[in-house]
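Scroll down for the structure; my scribbles are underneath it.
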Amino acid sequence: MAPQPTTPLASVLFVCVHNAGRSQMAAGFLTHLAGDRVEVSSAGSLPADQVNPAAVEAMAEAGIDISTELPKLLTTEAVKASDYVITMGCGDACPIFPGRTYLDWALEDPAGQGVEAVRPIRDEIRTRVEVLIAAIDAEREA
């Protein structure tokens, strides 16, 4: 008998200005660490043309491939569809809706920096994603 598809515990939207570094790394970690238990998306208020190559390299070092991701424009619909909205420097560009959990992660912007500068940002994102997964699990078990 085939396993039954499971409904994700939560949906998470990561938002930063360009959707090229921080939000892409966070989405990569959450997808990698939570699998299909959490629905993951990312977007930017002013999306870049491509994902930051230093972020792609830093994530590859952690065993996660984000090289095929493309920056996406933040939409009201994406925010409405998410249980958790995690902003990383997009400020007032992110619309607020009742019933969502909003978190703001103050992280250095990796734009224009080499992989050496991106590694500590990547590691901080991983730590925060691990805490987020634990919080989602605890909330769903309550």
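The values are calculated or read from the model by the stated rules, or taken from the named source; none is laboratory data. As the structure is a prediction and not an experimental result, all values here were calculated from the model. We place every Cβ from the backbone using ideal geometry, glycine too, and count neighbours over all the protein chains shown. Heavy atoms of the whole protein, side chains included, go into the accessibility calculation; ligands, DNA and RNA do not. Shrake-Rupley method; radii C 1.70, N 1.55, O 1.52, S 1.80 Å.
Here are some notes:
- Overall dimensions of the chain as given by Cα atoms, namely Rg and Dmax in Å: 14.7, 51
- Rough spin-label spacing in nm, given labels placed 7 Å along Cα→Cβ, for Glu57 and Glu124: 2.0
- Degrees, to the nearest 10: 22-34 long Cα axis against longest axis of the chain: 40
- Normalising the average separation of contacting C-alpha pairs (under 8 angstrom, six or more residues apart) by the number of residues puts the relative contact order of the chain at 29 percent.
- Taking the protein heavy atoms of the chain in the context of the full set of protein chains, the accessible area attributed to carbon and sulfur is 54 percent at 1.4 Å.
- Remark: the chain carries a charge dipole of roughly 220 debye about the Cα centre, counting +1 on each Lys and Arg Cβ and -1 on each Asp and Glu Cβ.
- What the phi angles of segment 105-115 give under the Karplus curve with 6.51, -1.76 and 1.60, with θ = phi - 60°, is a coupling list of 9, 7, 10, 4, 7, x, 4, x, 9, x, 4 Hz, glycine and proline written as x.
- Equivalent ellipsoid of segment 58-142: semi-axes from √(5λ) of the C-alpha gyration tensor, largest first, are 24, 18, 13 Å.
- Sorted largest first, the spans of the alpha carbon positions of segment 21-70 along the three principal axes are 29, 25, 15 Å.
- Probe 1.4 Å, accessible area per residue of the chain, Å²: 52
- Pairwise FRET efficiency - Arg100 versus Gln50, Cβ, R0 = 25 Å, nearest 0.05: 0.30
- Semi-axis lengths, largest first, of the ellipsoid equivalent to segment 42-94 are 23, 12, 10 Å, with √(5λ) applied to each eigenvalue of the Cα gyration tensor.
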